[in-house]
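Structure, as structure tokens:
The values are calculated or read from the model by the stated rules, or taken from the named source; none is laboratory data. Keep in mind that this is a model prediction, so the values were computed, not measured. Using ideal geometry, Cβ is built from the backbone for each residue, glycine included, and neighbour counts are taken over all protein chains shown. Protein only, heavy atoms only, side chains kept; ligands, DNA and RNA dropped before computing areas. Shrake-Rupley method; radii C 1.70, N 1.55, O 1.52, S 1.80 Å.
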Amino acid sequence: MAEPDAKPLTVRCQCGNVSFTTPTAKPITLFFCHCTECQKQTSSAFGTSAIYTSEGLFPLEPDLAGRLGVYNRHTEKGRTMDCYFCSKCGSRMFHRIVDADGKPRQTVSIKGGCIEGLEWNGGRGMHIYMRSAVMEIPAEWEQYDTLPPWMK
């Protein structure tokens with residue numbers, strides 16, 4: 001439960017062109033994704049996403065939408081992922097999954113490195129898509145070969 005005086009965090013791209021606040025003070029959960037798509041997107045071993053409710057961010061404010069580019073890609077589950085990035089510096093800011101029926105998810109994945117003041121929990125969020133991990137994660141940390149059962 002969020003602390004009563006907790007405030008949403010600032011999300012900012014590398015160049016500062018895109019800036020907005022998180023929908024709530026704390027994310028629902030934190031994912032460390034080891035899929036090959038996240039490895040390519042981050043040029044690293046995994047991507048970090050803080051999962052928030054989409055309410056308060058979507059629909060996007062016109063000024064924010066005007067500063068973002070969107071890349072759409074299909075997922076292995078037959079969904080579409082709308083990937084939003086800064087139109088100036090290219091920093092990936094967040095993504096939202098649209099189900100096969102065209103309905104957007106009620107959550108949004110905001111990229112952890114862009115959130116100022118995010119609590120990283122020492123890497124102890126959910127490690128997903130471990131089947132393509134390129135580094136070892138301590139066995140006691142929560143991890144899944146693909147997605148947690150409740151997300152499938």
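Below is a table of values for the structure above.
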item: Criterion (more than 13 Å from the chain's Cα centre (by Cα), among the polar types (S, T, N, Q) and on the phi > 0 side of the Ramachandran plot) met by exactly one of Ser43, Ser19; result: Ser43
item: Test result for Tyr52, open to solvent by less than 70 Å² (accessible area, probe 1.4 Å), without any contact (Cβ under 8 Å) to a residue 40 or more places away in the chain and under 22 Å from Gly117 (Cα atoms); result: no
item: Candidates Leu118, Leu147 - the one that is in contact (Cβ under 8 Å) with a residue 40 or more places away in the chain and either in a loop (DSSP other than H, G, I, E, B) or closer than 18 Å to Ser54 by Cα (or both); result: Leu118
item: Of all residues making up the range 70-103, the number that are in a loop (DSSP other than H, G, I, E, B), within 18 Å of Tyr129 (Cα to Cα) and of a type outside the set (S, T, N, Q); result: 4
item: Ala45 more than 22 Å from Val18 (Cα to Cα), among the hydrophobic types (A, V, I, L, M, F, W, C) and open to solvent by 30 Å² or more (accessible area, probe 1.4 Å); result: no
item: Residue count, the range 14-41 (criterion: closer than 21 Å to Gly122 by Cα and open to solvent by less than 50 Å² (accessible area, probe 1.4 Å)); result: 12
item: Counted residues, the range 64-80 - those being within 22 Å of Asp99 (Cβ to Cβ) and modelled with pLDDT of 95 or more; result: 6
item: Flag for Glu116 being at negative phi, open to solvent by 60 Å² or more (accessible area, probe 1.4 Å), within 16 Å of the chain's Cα centre (by Cα) and of a type in the set (Asp, Glu); result: yes
item: Which listed residue is part of a loop (DSSP other than H, G, I, E, B) and exposed (fewer than 11 other Cβ atoms within 10 Å of the Cβ), from Asp5, Asp63; result: Asp5
